[in-house]
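Laboratory data are not the source of any read-out in this text; all were calculated from the coordinates shown. Here the structure is a predicted model, which means the values were calculated and not measured. When we count neighbours, we look across all protein chains shown, and the Cβ atoms used for this are built from the backbone with ideal geometry, even at glycine.
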Amino acid sequence: MAKLIIVVDKAQDWAPFHQYDGVMTLPAYLKWSAKNKQRTRVINLCRQSQYLGSGYYCSLLAEARGHHVVPSVRAFNKFNRHEIADIAEEIPGTILTQLNKALVDETNTQLIFNIYFGETEHKALKKVASYLFDAFSVPILRVELQKKVSWQVKTLKIGSVHKLNEHEQSLFGNTLERYSHKIWRVEPTNRKYKYDLAVLVDPKEKFPPCTPKSLELFNKAAKRAAMDTEQIGVRDIHRLAEFDGLFIRETTGVNHHTFHMALKAEREGLAVIDDPNSILRCGNKVYLQTLFEQHKVPMPDGIMLFKQDEDNLERAADTLGLPLVLKIPDGSFSRGVVKVKTLTELRSQLTALFEQSAIILAQRYTFTEYDWRIGILNGTPIFACKYFMARNHWQIYKHGKAKTESGGFSTCAITEVPAHVLDTAIRACAPIGDSLYGVDIKQDGDKVYVIEVNDNPNIDDGVEDLYLGNKLYDMLVEDFIRRIELKR
């Protein structure tokens with residue numbers, strides 16, 4: 001768990017709030033940080049936000065020490081260079097629409113309010129406040145709205161804690177407590193756990209990458225290694241700074257909150273699995289196709305089809321033959337993947353898929369009774385399974401209107417996997433990163449083909465852990481601790 005430090009210009013600036021031994025003046029913080037090497041979170045409440053003022057220096061020196069600080073130097077520079085003058089042009093239309101809907105009954109033409117760590121007392125402006133905090137991450141953001149034809153953001157300023165009235169002090173204190181979560185809790189000297197890990201899950205997800213039982217087994221392994229775990233959801237994004245690491249156990253996507261959570265966690269200095277680069281690279285089959293071509297990783301013959309090209313039909317059929325497989329770039333769990341047997345099917349499916357993506361990947365069809373799934377962690381194989389095709393189907397998953405069926409599986413020791421399969425799995429992950437991956441490979445005699453690399457592979461009790469048991473979870477925990485220690 002990170003140590004939270006609050007830096008103020010004068011001790012009396014903190015007088016209205018709860019006493020906390022982490023509140024320091026800038027000179028005291030610099031002396032403290034010179035002696036302490038633990039992971040540190042700094043909230044900079046210094047009064048002077050201008051270039052080379054005390055607030056600017058606080059953030060500058062905090063970043064030099066490797067501490068995560070709010071506001072960052074970059075945030076200060078946005079205000080000092082007057083980049084916010086054109087803020088109305090930068091705000092997405094969806095946010096401006098939300099702003100005008102929220103204030104549709106407002107009779108005044110001017111509204112001034114504060115945003116505290118992304119929150120405001122104006123409930124209707126919740127989404128606007130959250131967006132502005134992400135764009136201009138300062139503890140107190142003073143916002144002036146003006147209505148001409150429609151509502152627009154007129155000015156943004158960095159607010160000062162010493163200028164807050166009693167009501168505003170109460171709002172600020174309550175918001176800071178939620179933002180920091182553990183700020184008022186005094187850590188016991190005999191603290192049981194050395195590390196804190198957030199596990200992102202969605203209890204309502206239909207096909208989660210972990211069963212409840214496997215999450216429980218992971219939690220037990222973490223506690224054996226002095227790591228505390230807490231399951232969090234999308235609404236806990238502002239709590240990430242409380243933790244040392246983030247383990248995403250929810251199906252990821254680039255245009256999804258999991259990607260934004262990974263990005264924020266990485267910015268906060270957490271060890272992250274799945275890291276944002278892995279999500280970005282594994283989340284698009286067109287990207288992987290190009291990457292594998294560059295690094296000579298074996299894969300099924302494939303071509304990219306573009307929506308605007310008129311010769312897609314002939315080019316795909318002539319190059320790959322029929323049947324062939326069409327894939328939208330970001331499909332998962334066999335969704336967005338179709339097999340076509342005739343030119344009529346090819347024409348129909350291309351028309352439908354081009355409604356979802358400007359590029360479709362076409363690949364040569366190769367039938368196998370099963371796909372290898374090789375789990376790779378930090379470049380090392382940790383589990384191996386054979387996933388068999390669903391009954392009377394050519395894929396592992398068969399999606400019906402009422403239910404989804406899947407084929408069987410067989411888990412084996414890494415030593416039982418053919419050497420060229422393991423070698424190909426490792427080679428496929430090397431240009432992507434050092435995170436946790438699940439590599440899907442088809443084996444046709446001596447030939448192997450990488451179908452895809454998953455950044456968020458399933459680890460289910462009784463399946464992927466069937467051979468190693470608890471040891472698999474111990475390996476995951478050990479690697480998280482290694483990553484956390486490297487961050488420190």
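Charge tally around Ala262: other residues with Cβ under 13 Å, Lys/Arg +1 each, Asp/Glu -1 each, net -2. Just tell me which aspartates and glutamates come within less than 16 Å, Cα to Cα, of Lys37; anything on the same chain fewer than 8 places away is out. Candidates past the 8-residue exclusion: Glu63, Asp244, Glu485.
Here Ile382, Ile426 are placed in order of increasing Cβ neighbour count within 10 Å, fewest first, which gives Ile426, Ile382. Would you mind checking the pairs Lys223/Lys296; Lys126/Lys285; Lys327/Lys487; Lys78/Lys163; Lys126/Lys157 and listing those with alpha carbons more than 30 angstrom apart? Beyond 30 Å between Cα atoms: Lys223/Lys296; Lys126/Lys285; Lys327/Lys487. Cβ-to-Cβ counts within 10 Å put Thr424, Thr211, Thr252 in ascending order as Thr211, Thr424, Thr252, the fewest first. Bridging of Lys403 to lysines at a Cα separation below 17 Å is possible for Lys204, Lys206, once same-chain residues fewer than 8 apart are set aside.
A simple packing score, the average count of other Cβ atoms within 10 Å per residue, orders the peptides 228-240, 304-316 as 228-240, 304-316, with the highest score first.
Scoring 37-44, 463-470 by mean Cβ neighbours within 10 Å over their residues and listing the highest first yields 37-44, 463-470. Neighbour counts of C-beta atoms inside 10 Å place Ser160, Ser435 in the sequence Ser160, Ser435, starting with the fewest. With 0.36 nm allotted per residue and the present C-alpha distance subtracted, the Glu485-His256 stretch has 79.6 nm of extension available.
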